[in-house]
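First comes the structure, then the notes that go with it.
FYI, it's all coordinate maths here, none of it is from the lab. Since the model is a prediction, treat every value here as computed from it, not as a measurement. Positions of Cβ are generated from backbone atoms using ideal geometry, with glycine treated the same way; all protein chains shown enter the neighbour counts.
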Amino acid sequence: MILKYGDHGYRVESLQRDLVRAGHDISVDGWFGENTEAAVRQVQFDHGLVLDGIAGPKTREALHKGTSNAKALRQLDLVLAAEYLGVEVATIMAVNEIESRGSGFHPTGEPVILFERHIMRRRLISHGINPVPYQQQQPNIVNDRAGGYFGGIREHDRLVKAYEIHVPAALESASWGLFQIMGFHWPRLGYDSATAFVTAMRQDEAAQLDAFVRFIEFNGPMHAALKRLDWRDFARRYNGPAYAKNDYDTRLAAAYRRHSQHLEIAA
């Protein structure tokens, strides 16, 4: 459950009680206002997490356990990514907030993935393998249409089935990590193999961010859109035609403004 500024209700009240127990002087009123957000940012700062003011699983874990997940993304990671791409830190923070899935790993430790059966069909063809028999036998693993998603950790069950057909094609047919980078991009992103790419995606969220940075760097028009803060063009290129339906561009713009304003105040 992700809680952020403007939210209200018993979940916010529970968060506030946890913050008070941790020593933060805030009201327990069930309203996620400025004081609650400031307390959340302090928890994030104390544990080296991304300073977005959003109480997600990683922040709640740090609050409850007093320690942060070693695989979690850090604010420094975002700062370094912004410097490398030549954009504002608020820009990368906005993309991380809207385009990432909040966590690059399941509680089991497995990276977040989404297996694409229609991509599996294409990758089998690219490896010189006839996909037709597999499509007839396992249409949920090999198909000419997208779909068949199980969601969550169960996507790994589909991936294991795809391994039985062809391991490299299977690795290339899933999107991986925080930013859901497709495995078949591995050559253009500078990885030695699909296996090397997936090994990196299993490492930590910083490695997943690195894949995103490589992806943006390789895509010149997308990189240019990010630099000029053209959220509509960036969202169209990153998310495809569905960007407008899901308001990705307006959500990115709003997140950028919020992070930019906070960074100005902090400076």
Equivalent ellipsoid dimensions for the chain as semi-axes, Å, which come from the Cα gyration tensor, largest first: 36, 21, 17
Eligible aspartates and glutamates near Lys161 by straight Cα distance, threshold 20 Å, same-chain separation 8 or greater: Glu110, Glu116, Asp144, Glu172
Calculated [θ] (222 nm, deg cm²/dmol) that DSSP helices of n ≥ 4 give over the chain, each run adding -39,500 (n - 2.57): -16000 deg cm²/dmol
Tilt relative to the chain, helix 248-266 - C-alpha long axis, 0 to 90 degrees, to 10: 40
Test item: Cα-centred dipole of the range 1-69, Lys/Arg +1 and Asp/Glu -1 on Cβ, debye: 260
Nearest 10 degrees, 0 to 90: helix 89-99 Cα axis against the chain principal axis: 60
Fully extended contour minus Cα-Cα distance, from Lys65 to Ile153, at 0.36 nm per residue: 29.3 nm
Simple spin-label estimate for Lys245 and Trp31 in nanometres, 7 Å along Cα-Cβ: 3.7
Residue-span extension gain [His8 to Arg257] - 0.36 nm each, minus C-alpha spacing: 87.4 nm
Highest-first arrangement of 213-222, 72-81, 21-30, where packing means the average Cβ count within 10 Å: 72-81, 213-222, 21-30
Centre separation in Å (Cα based) which lies between the range 190-242 and the range 42-96: 18
Estimated Rh, the range 1-69: Kirkwood, alpha-carbon pairs, angstrom: 11.5
Per residue, the convex hull volume that the Cα atoms of the range 90-205 enclose (Å³): 108
